[in-house]
Amino acid sequence: MEISDADLVIRSLDEPRCFEELVGRHGTRIHAYLARRVPGAADDLLGEVWLAAFEGRRRYDPALGGVIGWLFGIARHVLLVHWRREQRHRDLPDRLVKGDVDDDWHAVDARLDAMSVAGDLRDALSRLPAEERDVLLLVVWDQLTPTEAAQTLGVAPGTARSRLHRARTRIRAAWSTPTPATVPPSPEEISDRPDERGAAS
């Protein structure tokens, strides 16, 4: 029987080598999350994420959510610190340093542009409130469940689901010619995921 992620974290307190199994299980997903936003720095930041997770593993509380949401939360923090460093080094406008640094849209938009994502979709995403866009991208792009996205962002699961619903509603209303390849999954599709069955949308 496979040891759960939570048990691996707990065991790693006495047996540090157990933490290596977590890296093997989730390293690819965490790296992909970083690479979508900062492709040139993803490898270095991945090391920072795992170091922070290892050093902070005593603070992991299973009652607050699963390990993947905890890891993505650490990755998001590392990413925000990286952006703050970059903005200070580049002497970017004060508006970015004080405000928009917590909204990764400036990096995500560049990646979507590079991927030639439909202009209507990019425009619709750009008009979403940052808190709704964050949840939508974590669920659709990074394949987290709404509960995991909530843990990543430090909000209640119900709040994340409400934001996700509003984001999807706005996207569908703004995007007049959706295609199967780029339409975000419906709330019903999300609620059908095994760990989300029965959750309110």
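The values are calculated or read from the model by the stated rules, or taken from the named source; none is laboratory data. Quick caveat, the model's predicted, so the values are computed rather than measured. FYI the Cβ positions are ideal-geometry reconstructions off the backbone, even for glycines, and counts take in every protein chain you see. Quick note on the areas: whole protein, heavy atoms, side chains included, nothing else; ligands and nucleic acids left out. Shrake-Rupley method; radii C 1.70, N 1.55, O 1.52, S 1.80 Å.
Looking for something surrounded by 14 or more Cβ atoms within 10 Å (Cβ to Cβ), more than 24 Å from V81 (Cα to Cα) and not aliphatic (A, V, I, L, M) - is there at least one such residue anywhere in the range 22-41?
Yes.
Please pick out the residue among A167, A149 that is outside any loop (DSSP other than H, G, I, E, B), under 23 Å from R37 (Cβ atoms), modelled with pLDDT of 95 or more and among the hydrophobic types (A, V, I, L, M, F, W, C). Give the steps one after another, and end with the answer.
Numbers: A167 fails: modelled with pLDDT of 95 or more.
Every option except A149 fails the conditions.
In the range 110-145, what residues are assigned to a helix (DSSP H, G or I), open to solvent by 40 Å² or more (accessible area, probe 1.4 Å) and either at pLDDT 90 or above or closer than 28 Å to V67 by Cα (or both)?
If the condition is that a residue be assigned to a helix (DSSP H, G or I), open to solvent by 40 Å² or more (accessible area, probe 1.4 Å) and either at pLDDT 90 or above or closer than 28 Å to V67 by Cα (or both), then R111, E131, V140 are the ones that fit.
Consider T28 against the criteria (1) of a type in the set (S, T, N, Q); (2) more than 25 Å from P146 (Cα to Cα); (3) under 21 Å from the mean Cα position of the chain (by Cα): it satisfies all of them except one. Which criterion is unmet?
(2)
Search the range 9-19 for residues being of a type outside the set (A, V, I, L, M) and touching a Leu at 6+ places or on another chain (Cβ under 9 Å), and hand back the single one that is most open to solvent (accessible area, probe 1.4 Å). Steps first, answer last, please.
From the range 9-19, those of a type outside the set (A, V, I, L, M) are 11-12, 14-19; that's our starting set.
Filter again for touching a Leu at 6+ places or on another chain (Cβ under 9 Å), leaving 12, 18-19.
Values: S12: 0, C18: 26, F19: 10 Å².
My answer is C18.
Going through the range 58-73 one residue at a time, which ones are at negative phi, open to solvent by less than 30 Å² (accessible area, probe 1.4 Å) and not hydroxyl-bearing (S, T, Y)? Quick ask: steps written out before the conclusion?
Step one: of the range 58-73, the residues at negative phi are 58-64, 66-73.
Narrowing the set further to residues that are open to solvent by less than 30 Å² (accessible area, probe 1.4 Å) leaves 60, 67-69, 71-73.
Within the range 58-73, V67, I68, G69, L71, F72, G73 qualify.
Of all residues in the range 90-109 being surrounded by fewer than 14 Cβ atoms within 10 Å (Cβ to Cβ) and not in a loop (DSSP other than H, G, I, E, B), which is modelled with the highest pLDDT?
Quick first cut of the range 90-109, residues surrounded by fewer than 14 Cβ atoms within 10 Å (Cβ to Cβ) only: 90-91, 93-95, 98-99, 102.
Keeping just the survivors that are not in a loop (DSSP other than H, G, I, E, B) gives 90, 94-95, 98, 102.
Working: R90: 65, D94: 47, R95: 42, K98: 41, D102: 47.
Among those that are surrounded by fewer than 14 Cβ atoms within 10 Å (Cβ to Cβ) and not in a loop (DSSP other than H, G, I, E, B), it is R90.
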